[in-house]
Amino acid sequence: MTAHSPVRLPARSRILILLSALAVLTAVALASVLHASARAERRDHTRAGGPKVTPGTVTLTAPGRMVFRNMAWGPHRDELTTVPAAAPAGPRTASGVKCLRFYAAAGTGVCLQAVHGPVSDTYRALILDANLHTKAHYDVPGIPSRARVSPTGHYAAWTAFVGGDSYAGTNFSTRTAIADTRTGTLIPSLEAFRIIRNNHPYQSADVNFWGVTFAADDSTFYATMATKGSTYLVRGGLRTRTVTTLHPNVECPSLSPDGTRIAYKKRVKGLSKDAPWRLYVLDLGTMRETPLAETRSVDDQAVWKDARTIVYALPGDYGADLYSVPSDGTGKPHRISVSAVSPAYVG
């Protein structure tokens, strides 16, 4: 009986088979690594006391609630979520609506979103009703940075970086817009407003505005204006289309509920150029500044929980955590919620 000789494949075929086998093994190994990494990340987050997040109904009129962007790792990351304002570290209800920046008042919300494209992202501002349905949307010309809604819900403002990506340095440009949420009328840039500085008209090509905060009269607002390397608190008028400088070295102002004080971040000499700020409160009647008990650098537009409490974000293990501190300079900061940013107290 004659034994059959083994069939020898051509060299090219053997190479192709070898390469295919290597590709399969590589894909399997990569999938295993990614799966293990994801499991480890979820396990680490759980071990760190990550919040429980479940889908449900989120509204902007439910009494005693805090609504914010959820940063906890998982399927509801970046969604607007809600917790009781009295229990901000408790289980979260997720809405399904994703935002990079958010704020709400009087049943109206503004949500700054990324729109993911095949080449690059674009951005937009959504005006939301009390049930988080979109009433209007506007193109945003850069990376979203700040968002606010007036106490009446009649106006929304947002700021985007159109050049540079950080307030820490000086090489950046911003664009701040204000929309009438009732009519849809848009002021695309505060740079069109007339400027009064030191009681005189002022013009400069390098003027930037950011961080609008509204008073309750549907006309007055406050913001930061930067020019010639300096920042100023300005008071603006929507009817007069004018801004007037009030106080130097004020960034990201936030008006108190009674309209008498501004919480803000202030550049302090001697601090790192990458972390140059401290939180202060400015009395608008006397222009007296009060440093708050938070000694870390805060790059955020703080929120007033009530007349006595300031809430703000600091970097955390999963994006950012929320802290609170008394508004009169006493006490000490407390972390109130992990993996959270852009809070709004509603209802």
Ranked 318, 312, criterion: other C-beta atoms within 10 Å, fewest first: 318, 312
Stretchable slack from residue 286 to residue 200, in nm (0.36 nm times residue separation minus alpha-carbon distance): 28.8 nm
Cross-link pairs 265/332; 98/273; 228/269 - those with Cα-Cα distance over 21 Å: 98/273
Distance (nanometres) between label positions extended 7 Å along Cα→Cβ at residue 332 and residue 119: 5.4 nm
Anisotropy class of the range 85-244 from Cα gyration tensor, a/c 1.5 cut: prolate
Residues 196, 310 arranged by fewest to most Cβ contacts within 10 Å: 196, 310
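Computed from the coordinates by the stated procedures, all read-outs in this text should not be read as laboratory data. These figures come from a predicted structure and were not determined experimentally. Note that we place each Cβ from the backbone using ideal geometry, even for glycine, and neighbour counts take in every protein chain shown.
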